[in-house]
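Structure first, commentary second.
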Amino acid sequence: MNPSGHLPGLPPSPGPSSAEPFVADLSEGAETGVYLALLELLDEGLLITGDEVVLDANSAACRLLGRDYRDVAGRPLADLFADGQAFLAARARLLIEGERRGRLDFALPDGGVRALEFNCAPRLRPGIHAIILSAPAVVAEYETGTPVLAAPRPTAGGARAFDDAPSMSMYLTSHDPLTGLANRRMLEARFGDCAVRAAGRHGSIAIVRLDLDGFAAVNRSLGESAGDEVLRCIARRLAATAGSAALVARERSDSFIVLLPEPAHPGNADQFAETLLRAVAEPLELGGGLQRITASAGLALYPQDGRNLDTLLRNAKSALEQARRLGGNHCSVFHTRLDGPGFDSSHLERGLRHALQADELCLHFQPLVDARSGRTRAGEALLRWRHPELGLLPYRQFMGAVGDPRLLADVGDWVLATACDHATDWPPTHDGECLRLTVNVSVEQLMRGDFAARVATALRTSGLKAERLELDLDEKVLALDSPTLAATLERIAATGVRLSIDDFGRGLSSIPRLRRYPLAALKLDPELVRGVGRSEDSEAIVEAVGALAGTLGLEIYARGVEHRGQQAFLCALDCHLQQGPLFGRPLAAREFADRLLRAQ
């Protein structure tokens, strides 16, 4: 009899509740229940698991785990462990590597951890496992003289202590010793298990390959000990962000791999990877101050991008290299046609030259909103390519393959001229104000000696007033020490065109150069904005940038605003012009104009 008074193995009631406890169904007939009932007479705890769920437990198991029967049977096996990484480590030992005897750390309801000896009988039949638990025969006494259980629980982000060499040896066969994350062996085992499930359910698996940006500089400037601590910190963040369903592994040095089983659809996997990047980019204490370390990521999906782990990792690496070409702190998704074997990026470059002449390029616009009133104050031009074979491609998906700076400048000039033409058709707001147009400008455009003249031509040809145009300059411009660049920006600003620094806070900007150039505004890096409400460090940096902007007499904008809490925080800093998912996605030019008409 189990603690609920029912014989284990009987058919379950329609739904467990406090009045109707969970009753297991092992689908093997009454003899199973008889065996389990006999084991109620033993002092050892018994867990029967299947599909990573505890199907049944005897009274001794509940006592050892410090839980009521309802909190054990019918619950995910992962609930018995302190965190996702601890569960995955235990799962690998018991069900993948086939460890029969040993010790595991189980989480107690009060937040503590209890080490229990186990005997495991994996695969009693397909998918069904038995785990017998008992209290450790030996305890250790520490300085307090209080008996405590000897084995500490494994945690991601740190090495584990062991009380015997065999346990340590077993642990190191499946874990990275520096971070406590899974190693390649555990990753391969987990992938094989997930692939069998995904194939049977026509599901998918996401593989994210993630490398830190500029990590070698940390080792060079601060030493390898500081670098190791950074890796442990990043490991903890990745493990916490990925959750218990995913597996985080360290491949080598600053390279990590994350396996996410069965995302609902590819878009979910993309969002998952972006969430990982945001977690990595949170500021951390390093070298006596706060620093931000970013990462680049590549995403590949089973089965469309590969049916074995090696192929998926290779394709995820291809996507990762694309993310690096885009400047880092970015996730690229593997595209078979763009990234697959035999694809020549020069074809894409030649195709883009043709696209300029064949009317294959188009613009979308994203609103910049006054968060106090909800009114649209500007539209940002975003480039898209209507590729005849690959469909609609966003700017970041193809510009990384372009190596010719003249082509980059030509495309940028097309964007500027076309955006000005569109903006002249925008209706004024209901209070008669004409909306501002913001256009991103590449370094390649700026370094052309005639860029100021090209801006003047675009304004003259379209009829757009200079006061309505704002040019967003990449923060990298601040690192350029060029008299020609300074003269170009002065000429443009003298016409009434506004200049702003985009994605401010992403790198190590030179504050004196903010004074050197004729700037009107700073636009916060979206990664900093997304940290508002989640990270006190991000909030402190945003506040500091806001104070800096106020001191220099610059307006401050926020990009990447996702929820009302971020909106309110930014408004409190007098950052009222905001952009992001909260206020609307990018729209095709006609849709954007229609939105403005409806708002009149």
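General observations
- Potential lengthening of the chain between LEU356 and LYS465 amounts to 36.7 nm, from the contour at 0.36 nm per residue minus the alpha-carbon distance.
- In a fully extended conformation the segment linking THR484 and ALA540 would gain 16.6 nm over its present Cα-Cα distance, using 0.36 nm per residue.
- Accessible area (Å², 1.4 Å probe, nearest 10) - PHE81: 20 Å²
- Whole-Hz couplings from phi, Karplus 6.51/-1.76/1.60, listed for the range 82-98; x for Gly and Pro: 5, 7, x, 5, 5, 5, 5, 5, 5, 4, 4, 5, 7, 9, 9, 7, x
- Cα centroid of the range 213-240 to Cα centroid of the range 414-458, whole Å: 42 Å
- Cα-projected label distance for ARG585 with ARG386, points at 7 Å along beta-carbon direction, nm: 1.9 nm
- Accessible area (Å², 1.4 Å probe, nearest 10) - THR424: 50 Å²
- 18 Å cut-off, amide nitrogen to a point 7 angstrom out along TRP414 Cα→Cβ, residues in the range 355-381: 355-365, 381
- Euclidean distance of C-alpha centroids, the range 251-297 and the range 177-211, integer Å: 16 Å
- Taking 14 Å as the straight-line reach from the Cα of LYS476, the aspartates and glutamates in range (excluding those fewer than 8 positions away in the same chain) are GLU444, ASP502, ASP503, ASP525.
- Accessible area of ARG100 (1.4 Å probe, protein heavy atoms only, ligands and nucleic acids ignored): about 140 Å².
- Span from the the range 522-580 Cα centroid across to the the range 64-114 one, whole angstrom: 42 Å
- Between ASP404 and GLU562, the simple spin-label model (points 7 angstrom out along Cα→Cβ) gives 3.9 nm.
- In sequence order, calculated HN-Hα J values of the range 284-295 (Karplus, 6.51, -1.76, 1.60; Hz; x Gly/Pro): 9, 6, 7, x, x, x, 7, 10, 10, 10, 9, 9
- Amide proton proximity set for LEU469, modelled H, under 5 Å, gap of 5+: LEU437, ARG498
- Counting only protein chain heavy atoms and rolling a 1.4 Å probe, the accessible areas of GLU539, GLU555 rank, largest first, as GLU555, GLU539.
- Accessible heavy-atom area order of SER462, SER221, highest first, probe of 1.4 Å: SER221, SER462
- Extension gain from ASP431 to TYR517, taking 0.36 nm per residue of separation minus the Cα-Cα distance: 27.7 nm
- For the range 239-244, 3J(HN,Hα) per residue [Karplus equation, 6.51 cos²θ - 1.76 cosθ + 1.60, θ = phi - 60°, Hz, x = Gly/Pro]: 5, 5, 6, 5, x, 6
- Between amide H atoms placed 1.01 Å from N, distances below 5 Å from ALA378 occur with LEU368, ARG436, all of them 5 or more places distant or on a separate chain.
- Put simply, the amide H of ILE128, placed in the peptide plane, has neighbours under 5 Å in ARG123, leaving out anything fewer than 5 places away on its chain.
- Spin-label pair LEU552/ALA226, simplified geometry with 7 Å Cα→Cβ offset, distance in nm: 2.5 nm
- Ordering 66-76, 45-55 by mean Cβ neighbour count within 10 Å, with the highest value first, yields 45-55, 66-76.
The values are calculated or read from the model by the stated rules, or taken from the named source; none is laboratory data. Because the structure is a prediction, the values reported are computed rather than measured. Every residue, glycine among them, receives a Cβ derived from its backbone with ideal geometry; neighbour counts consider all protein chains shown. To get the accessible areas, we keep the full protein, side chains included, count just its heavy atoms, and leave off ligands, DNA and RNA. Shrake-Rupley method; radii C 1.70, N 1.55, O 1.52, S 1.80 Å.
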